[in-house]
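Have a look at the structure below, then the notes.
FYI, it's all coordinate maths here, none of it is from the lab. Please read these numbers as outputs of a predicted model, since none were measured by experiment. In this analysis, Cβ positions are derived from the backbone assuming ideal geometry, glycine residues included, and neighbour counts consider all displayed protein chains.
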């Protein structure tokens, strides 16, 4: 993709991120947000069901996310100019093995020179590959494994992935250089750019790498699995064949999806997209093979992460084995069927001549600011990192839930008494009824906070600030499974500010309008949509799943009085 497309688009997209609602094309799928309020997230890695790490590019934070929490477990000093920063993560395949576990986490990042986060856009930096140990609460015991050049601040690659062979694979992009292997130079100059590297889990060089012809692991090209790769944001292994696939960004034309064989030469800088190059122009290392892209896009959407649906996919049997690819420019996810040999894609030709033609493979859209990574989770669902929205979304099977949810009761203290000190308000008891046919899951506190929007409006002569509101489950813990025909009880705790300078009622019976409260239920917080939610009168008359409301306002008045 064009050099400056990535970061410039991030900046522009943040202003509209709050209004974006990603959606899926297939009605048999549904989508919901898993975590939000992330700062320029780049990629993620699972360490268990409903538990993963996600990286924040510019501040160097590794965020640990569970169903109930989100916290920073490592803060690296990074240089975050343009496409630099915290870019890649992989978890050792024996991370949680029953015998001899290796709780190791691998990170690829542009290291700061000043011992703190910076964004100087200067030259002469390095991209570090380090290994850390997860102790259950933090990433500790940094072990430096390798470094790669960051000559400029674009095209740094970054994706990491462990293969079925137990080796660590990663990409260092071209960095606007000619590329590792230098396909357009008579004498190759190996500088670790434009390569996919392959290392042991301790950072050493496997002696069976395709270009280690003397089996000593000491030559610079001994680390390479493939070369001629312009820049990539996606690596994934086919769970059925074990083959490595990547995405590759072109310049102003020709992004690529590639199946990368050992010793592959992807052709950069001589060629991008379909069509055989002049082989004499390529640097042909012993054991190398030029690879034609499996699919190319003439108008680059800036392809990023990719992931396969395994035999354990939760998307439905028809998706098993399919390849999903995200993009940055359009904020979309595409789905491709892999052919019966698992060596190519089922498609009409090798090239999408327009974005409209590429949209024939559209799976999900609306990720304003771009998709930076895709992963299949241990639960078989597909997870998308939305870099511009600062969120992670989950795509799952079963289709949109047949739901309607309504308020059934609201039991607040209509009068709040002041003693010599301002009170901590009694909680409001809010009861919601699931009158649909599907179980709704509230994953964490953030989803509960977003589900119920509480607004206070001052009346009369009141000038003190409205109370702060905390929302808690009256019963149960997260993730909370809200079954059909069941009620959800929520306590809305009120913390009041000092109102003694305002006119207050002096008895319970005195009418004194102070505040009105309005509570709104919004299913969008659960990743659900309801075509007529909020458009009809609530509650609606009708039968079946039409008897509730997707959104409903519950106005209520609170009076303050002196006791």
Average Cα contact separation per residue, the range 24-66, under 8 Å, 6 or more apart, as relative contact order %: 28
Which order do the peptides 470-481, 66-77, 439-450 come out in when sorted by mean C-beta neighbours inside 10 angstrom, highest first? 439-450, 66-77, 470-481
Assertion target for 561, 108, 154, ordered by fewest C-beta neighbours within 10 angstrom first, is 561, 154, 108
At a threshold of 8 angstrom on Cα-Cα distance, excluding pairs fewer than six apart, so keeping six or more, what relative contact order does the range 248-343 reach in percent? 26
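Pull out the extension gain between residue 280 and residue 240, defined as 0.36 nm times the separation in residues minus the alpha carbon to alpha carbon distance; nm, one decimal.
Values: separation 40, 0.36 × 40 = 14.40 nm, distance 3.51 nm.
Separation in residues times 0.36 nm, less the Cα-Cα distance, equals 10.9 nm.
Rounded, prolate or oblate: pick one for the range 315-392, where a ≥ b ≥ c are the square roots of the eigenvalues of its C-alpha gyration tensor, a/c under 1.5 means rounded, and failing that, prolate if a/b is larger than b/c, else oblate.
Working: a/c = 2.46, a/b = 1.19, b/c = 2.07.
In terms of gyration-tensor shape, oblate.
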When the Cα centres of the range 56-111 and the range 261-287 are compared, how far apart do they sit, in Å? 33
Give me the distance between the Cα centres of the range 471-521 and the range 209-247, rounded to whole Å. 58
Relative exposure of 189, 91, 35, judged by other C-beta atoms within 10 Å (fewest first): 189, 91, 35
Could you tell me whether the range 68-217 comes out rounded, prolate or oblate from its Cα gyration tensor? Rule is a ≥ b ≥ c as square roots of the eigenvalues, rounded for a/c under 1.5, then prolate if a/b exceeds b/c, otherwise oblate. oblate
On the first, second and third principal axes, largest extent first, how far apart are the outermost C-alpha atoms of the range 224-374 in Å? 46, 32, 27
Using label points projected 7 Å from each Cα along Cα→Cβ, tell me how many nm separate residue 347 and residue 489, to one decimal. 5.6
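Hey, fewest Cβ within 10 Å first, where do 155, 92 land in order? Please list the in-between numbers first.
Numbers: 155 25, 92 21.
Taking fewest neighbouring Cβ atoms as first place, the list is 92, 155.
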Per the C-alpha gyration tensor (a ≥ b ≥ c, the square roots of its eigenvalues), the range 283-327 is rounded if a/c is under 1.5, else prolate if a/b beats b/c, else oblate; here it's oblate
For the range 193-208 and the range 123-148, what is the separation of their C-alpha centers, rounded to whole Å? 16
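With r defined as the distance between the Cβ atoms of residue 463 and residue 417 and R0 fixed at 30 Å, what FRET efficiency is calculated, to the nearest 0.05?
Working: r = 20 Å, r/R0 = 0.66.
E(calc), rounded to 0.05, equals 0.90.
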